[in-house]
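Presented below is the structure to which this report refers.
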Amino acid sequence: MHRHFIVHKPYGYLSQFVYELKRNKKLLGELYDFPTGTMAIGRLDEDSEGLLLLTTDGMISELVRSKKVDKEYYVQVDGLINQTAIHQLEAGVLIGFDGKKYLTKPCKSFILDDDPNFPSRGKKIRDDRHGPTSWISITINEGKFRQVRKMTAAVGFPTLRLVRIRIGNIFLNNLPSGTAIEVNEFQIE
């Protein structure tokens, strides 16, 4: 019988259970006593936060990582982003991937009217003396290495904070950072 988990990955953790290099890193296994064979479905880099699904079922992992499932991120960017940049993101932008240029697939994006009011992440991002910031939503169904960060930089608004809030129809909601809950199954559409 397979087991499934919804996790709010905190800033500063790796989306893995084993780290072979010598540097001290925080790993997912420190958050909860996951069973042997648990794997993260997709990843969030060390500097990213938010919704992460874990499972012992490789077939579910393949489904979620497919291009059929949307992943939505709230992104704090440097500067006051404009509609021109949003339209560029939606149409697809050139980013570097594996030493080559890659045109991202069309996506959904919009400027958030209000800050999403996430709790502070422990390490301060910066303060108002460095200029304004804004929050946007980006929904993609692909997942190249650091793709969202590369996309916002490509349109002139580097990412300061990145929080995944949705995978398919599973939402982060108000799950506190660092929390893992076990669920019977994933109903991903």
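Looking only at segment 170-189, filter to residues that are of a type in the set (S, T, N, Q) and open to solvent by 80 Å² or more (accessible area, probe 1.4 Å); which one of those is nearest to the chain's Cα centre (by Cα)? If we take residues in segment 170-189 being of a type in the set (S, T, N, Q) and open to solvent by 80 Å² or more (accessible area, probe 1.4 Å), then Asn173 is nearest to the chain's Cα centre (by Cα).
Residues of segment 1-29 that are closer than 17 Å to Leu175 by Cα and open to solvent by 40 Å² or more (accessible area, probe 1.4 Å): Tyr11 alone.
The selection criterion, being open to solvent by 20 Å² or more (accessible area, probe 1.4 Å), more than 14 Å from Ile170 (Cβ to Cβ) and either β-branched (Val, Ile, Thr) or assigned to a loop (DSSP other than H, G, I, E, B) (or both), does not hold for Leu44. A single entry from Ile86, Ile81, Ile167 fulfils the requirement of being open to solvent by less than 70 Å² (accessible area, probe 1.4 Å), among the hydrophobic types (A, V, I, L, M, F, W, C) and either at pLDDT below 95 or closer than 21 Å to Leu54 by Cβ (or both): Ile167. Taking the criterion of being over 16 Å from Thr152 (Cα atoms) and either under 17 Å from the mean Cα position of the chain (by Cα) or surrounded by 10 or more Cβ atoms within 10 Å (Cβ to Cβ) (or both), the residues of segment 102-116 that qualify are Asp115, Pro116. For segment 50-64, the count of residues that are within 21 Å of Lys144 (Cβ to Cβ) and assigned to a loop (DSSP other than H, G, I, E, B) is zero. Of all positions in segment 123-134, none carries a residue that is buried (at least 19 other Cβ atoms within 10 Å of the Cβ), within 19 Å of the chain's Cα centre (by Cα) and either more than 26 Å from Val7 (Cβ to Cβ) or modelled with pLDDT of 95 or more (or both). Taken as a whole, the condition of being in a loop (DSSP other than H, G, I, E, B), more than 18 Å from Phe145 (Cβ to Cβ) and among the hydrophobic types (A, V, I, L, M, F, W, C) does not apply to Phe110.
The values are calculated or read from the model by the stated rules, or taken from the named source; none is laboratory data. As the structure is a prediction and not an experimental result, all values here were calculated from the model. Glycine also receives a Cβ, built like all others from the backbone with ideal geometry; neighbour counts cover every protein chain displayed. Calculation scope for accessible area: heavy atoms of the full protein, side chains included, ligands and nucleic acids excluded. Shrake-Rupley method; radii C 1.70, N 1.55, O 1.52, S 1.80 Å.
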